[in-house]
Amino acid sequence: MLSKIQEIENEVLSLPPQERAIIAEHIIRSLDDEEDPEVERLWIAEAERRYKEYKEGKVKSRPASLVFKEARSKLEN
């Protein structure tokens with residue numbers, strides 16, 4: 001007898017690709033919902049540190065259009 005997980009997997013894999021993608025997105029999103037307060041605190045502290053360095057002139061900024069242009073160029077090569 002197949003386990004419940006195997007049954008679900010077989011059923012999902014029999015769906016069209018677009019429907020499988022929707023299910024995959026929902027599953028991934030459900031994993032992201034489990035927030036770790038310590039991780040959230042650390043990310044906020046990191047963002048505040050970076051913003052402070054930017055405001056103090058310790059780091060240089062670049063226009064987003066230039067950053068995206070360079071990223072696209074690297075992906076195309």
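The values are calculated or read from the model by the stated rules, or taken from the named source; none is laboratory data. Fair warning: this is a prediction, and the values are worked out from it, not measured in the lab. Note that each Cβ is placed from the backbone with ideal geometry, even for glycine, and that neighbours are counted across all protein chains shown.
For the range 1-25, how many residues are of a type in the set (S, T, N, Q) and outside any loop (DSSP other than H, G, I, E, B)? So that I can check it myself, show each step before the final result.
So in the range 1-25, the residues of a type in the set (S, T, N, Q) come out as 3, 6, 10, 14, 18.
Those still in the list that are outside any loop (DSSP other than H, G, I, E, B) too: 6, 10, 18.
The total comes to 3.
Give the range 10-46 a look and list any residue that's among the hydrophobic types (A, V, I, L, M, F, W, C), over 19 Å from the mean Cα position of the chain (by Cα) and surrounded by 10 or more Cβ atoms within 10 Å (Cβ to Cβ), or say none. Steps first, please.
Applying the first criterion (among the hydrophobic types (A, V, I, L, M, F, W, C)) to the range 10-46 yields 12-13, 15, 21-24, 27-28, 31, 39, 42-45.
From the residues that got through so far, the ones that are over 19 Å from the mean Cα position of the chain (by Cα) too are 12-13, 15, 45.
Those that are among the hydrophobic types (A, V, I, L, M, F, W, C), over 19 Å from the mean Cα position of the chain (by Cα) and surrounded by 10 or more Cβ atoms within 10 Å (Cβ to Cβ): VAL12, LEU15, ALA45.
To keep it simple, each residue is scored yes or no on (1) at pLDDT 95 or above; (2) more than 30 Å from GLU11 (Cβ to Cβ); (3) assigned to a helix (DSSP H, G or I).
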| site | (1), (2), (3) |
| --- | --- |
| ILE27 | no, no, yes |
| SER30 | no, no, yes |
| VAL39 | no, yes, yes |
| ALA45 | yes, yes, yes |
| GLU53 | yes, yes, yes |
| VAL59 | no, yes, no |
| ARG62 | no, yes, no |
| LYS74 | no, yes, yes |
